[in-house]
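A short worksheet on the structure shown next.
The values are calculated or read from the model by the stated rules, or taken from the named source; none is laboratory data. Everything numeric in this text was worked out from a predicted model, so none of it was measured. Here the Cβ positions follow ideal geometry from the backbone for every residue, glycine too, while neighbour counts run over all protein chains shown. For the accessible areas, the whole protein counts, side chains as well, though only heavy atoms, and no ligand, DNA or RNA atoms are used. Shrake-Rupley method; radii C 1.70, N 1.55, O 1.52, S 1.80 Å.
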Amino acid sequence: MYRQGSRLLMRATAAAGARLRVTAGSRAASQAFSTEVTEAPVVDSSFIEAWKKAAPNIDPPKTPLAFMKPRPPNPSSIPSKLTLNFVLPYQSEISNKEVDMAIIPATTGQMGVLPGHVATIAELKPGVLSVHEGNEVTKYFVSSGFAFIHANSYADIVAVEAVSLDRIDLSLVQKGLADFTQKLNSAVTDLEKAEAQVGVEVHSALNAALTG
Amino acid sequence: MAMAALRREGRRFLLSSASSTPITARSAISSEESCLFGARSISTQIVRNRMKSVRNIQKITKAMKMVAASKLRGVQTKTENSRGLWQPFVALLGDGLSVDVKKNVVITVSSDKGLCGGINSTSVKVSKALTRVYSGPEKENKYVILGEKGKAQLVRDSKNSIELSISELQKNPLNYTQVAVLADDILKNVEFDALRIVFNKFHSVVSFPPTVSTVLSPEVVEKESEAGGRLGDLDLYEIEGGETKSEVLQNLTEFQFSCVLFNAVLENGCSELGARMSAMDSSSKNAGEMLDRLTLTYNRTRQASITTELIEIISGASALEG
């Protein structure tokens, strides 16, 4: 079934030419994407052969790809919704939810992600992540992490810590900001300076998120 | 004459019961010998002592199973919540299993405590086989071991390839910060082209297959993306943030490693508890069966001694009358 998908894909990419991508379309046509699964058995079989030669009596170990639901291949037209995955170490906050838009706090500034966005790897800085679904907006304050936007309108956001904005206390934030600014001014070693700098950045971002 | 024959019967009866339970054979024979030398009753003390110790063992293993079951419930929810953490990375970078690299570092996740069945041996076997798969000219394989049991097994024959070994991981309940610090330590002290994390993934209480997760170093990722293949379309992704692509890839690798390690340690902890549950369960069952057999032997020994005493009394009385 997936093989059919890739064949349709090749035809679609050849027909559509340069799609929504900014980069070379010809290379896109000739390669299968890492979000496809047809490649997976081919790659694993060479490992399994090497395994059988080295350790014939032991079963080959499983790999993470076997435990994951495969992602759909890149569609030929822009889908209407963005499928969002927002994961934290202790919880999957949002998993495979169809949303209209997500605004993520990348290090280069706030980035709006709509369906059909170009494939991107973005590093995140402490800031507000807002998820727009119809009329409702959910806001989270994320500490930092990474965001991957794939060409099939799947967005994965991995963060270390995230809280919804209504759980943050403004007075504590301002106190923390004052504390860390003071520590930054009185810091002696590089390590102390770096720690105080991080504290100042996070607290000012928190402040801006709550007041702005 | 009749008395001697009856006594012989008694002896044969004892020996036959002894042969069916070889453990108690020695005790039965010794108690039978004490009878030969004129003692009144056969000592059941030995069997009784053995029964008491087996009963205690059964209680202990049952308690260990309960403890493991209650701990498992807590860790299992944590593990299932952390399962989403590595999926974005695998979706982006793929598996990386058959990527050919020069320096392989195999990170074996094992437990600190024993009595957990065969999971540590399986992990060590898989790690050793992995180094064989990735061996070749100019290639180097090193180990980083988490957990005492893995260290004990690997130190025996691969002492020189062990780069780093860490223990007492499960002392405090695991959280991401602790694992992040650990990952940082490993990344600082170990040179690698590819990190292969071997752990037991928790499927259910009876099934924990060994799994390998790969984290490639940023240089290898760049090389592979330029060479094409699975990571080939990494180039098609635009990079936001950081000055150069390699800086972002460096951060990405470190973040990926800490996330994957966090999930691996949690899953292995779950598998260890599940394996301990089933090992202690079969142990209690065995102890119960042993106790049943011992009880039968005990009763037979006791009845035989009563019978012997009765015979002696009755034959003595009939000798006086007749």
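Do the conditions hold for A:Leu170, that is, is it surrounded by 12 or more Cβ atoms within 10 Å (Cβ to Cβ), free of Cβ contacts under 8 Å to residues at least 60 places away in the same chain and farther than 26 Å from B:Glu254 by Cβ?
Taking the combined requirement at face value, the residue does not satisfy it.
Can you tell me how many residues in the range B:74-109 are under 29 Å from A:Ala50 (Cα atoms) and not hydrophobic (A, V, I, L, M, F, W, C)?
Total satisfying the criteria: 12.
Would you say A:Thr108 is within 30 Å of A:Gln197 (Cβ to Cβ) and at the interface with chain B (Cβ under 9 Å from one of its Cβ atoms)?
So A:Thr108 fits the description; yes.
Of all residues in the range B:78-107, how many are aromatic (Phe, Trp, Tyr) and in a loop (DSSP other than H, G, I, E, B)?
1
Any idea which of B:Tyr134, B:Tyr143 is open to solvent by less than 30 Å² (accessible area, probe 1.4 Å), of a type in the set (Phe, Trp, Tyr) and within 14 Å of another protein chain (Cβ to nearest Cβ)?
When all the criteria are applied, what remains is B:Tyr134.
Touching a residue at least 40 places away in the same chain (Cβ under 8 Å), open to solvent by 10 Å² or more (accessible area, probe 1.4 Å) and away from every other protein chain (no Cβ under 12 Å), is that true of B:Leu187?
For B:Leu187, the condition - touching a residue at least 40 places away in the same chain (Cβ under 8 Å), open to solvent by 10 Å² or more (accessible area, probe 1.4 Å) and away from every other protein chain (no Cβ under 12 Å) - is met.
Identify all residues within the range A:135-145 that are surrounded by fewer than 19 Cβ atoms within 10 Å (Cβ to Cβ) and in contact with a strand residue (DSSP E or B) (Cβ under 9 Å, 6 or more places away or on another chain); write none if there are none.
Matches in the range A:135-145: A:Val137, A:Thr138, A:Lys139, A:Ser143.
For the range A:113-133, state whether one or more residues are over 13 Å from the mean Cα position of the chain (by Cα), away from every other protein chain (no Cβ under 12 Å) and without any contact (Cβ under 8 Å) to a residue 24 or more places away in the chain.
No, that holds for no residue.
Has the range B:113-122 got any residue that is in a loop (DSSP other than H, G, I, E, B) and at pLDDT below 85?
no
Can you say whether B:Asp157 is in contact with a Gly (Cβ under 9 Å, 6 or more places away or on another chain), surrounded by fewer than 18 Cβ atoms within 10 Å (Cβ to Cβ) and more than 17 Å from B:Val265 (Cα to Cα), as far as the supplied structure shows?
Answer is no for this residue.
Within the range A:42-61, restricting attention to residues that are under 17 Å from B:Lys201 (Cα atoms) and buried (at least 17 other Cβ atoms within 10 Å of the Cβ), which residue is nearest to the other protein chains (Cβ to nearest Cβ)?
This residue is A:Pro61.
Conditions: (1) at the interface with chain A (Cβ under 8 Å from one of its Cβ atoms); (2) over 30 Å from B:Gly118 (Cα atoms). B:Glu254 meets all but one. Number of the miss?
(1)
Report whether or not B:Arg276 is open to solvent by 70 Å² or more (accessible area, probe 1.4 Å) and in contact (Cβ under 8 Å) with a residue 60 or more places away in the chain.
Judged against the criteria, B:Arg276 is not a match.
So, of the residues in the range B:57-104 that are over 24 Å from B:Cys270 (Cα atoms) and hydrophobic (A, V, I, L, M, F, W, C), which turns out to be modelled with the highest pLDDT?
So the residue we want is B:Ile57.
With the condition kept exactly as written, say whether any residue in the range A:78-91 is more than 7 Å from every other protein chain (Cβ to nearest Cβ), in contact (Cβ under 8 Å) with a residue 24 or more places away in the chain, open to solvent by 40 Å² or more (accessible area, probe 1.4 Å) and within 26 Å of A:Ile168 (Cβ to Cβ).
The answer is no; no qualifying residue exists.
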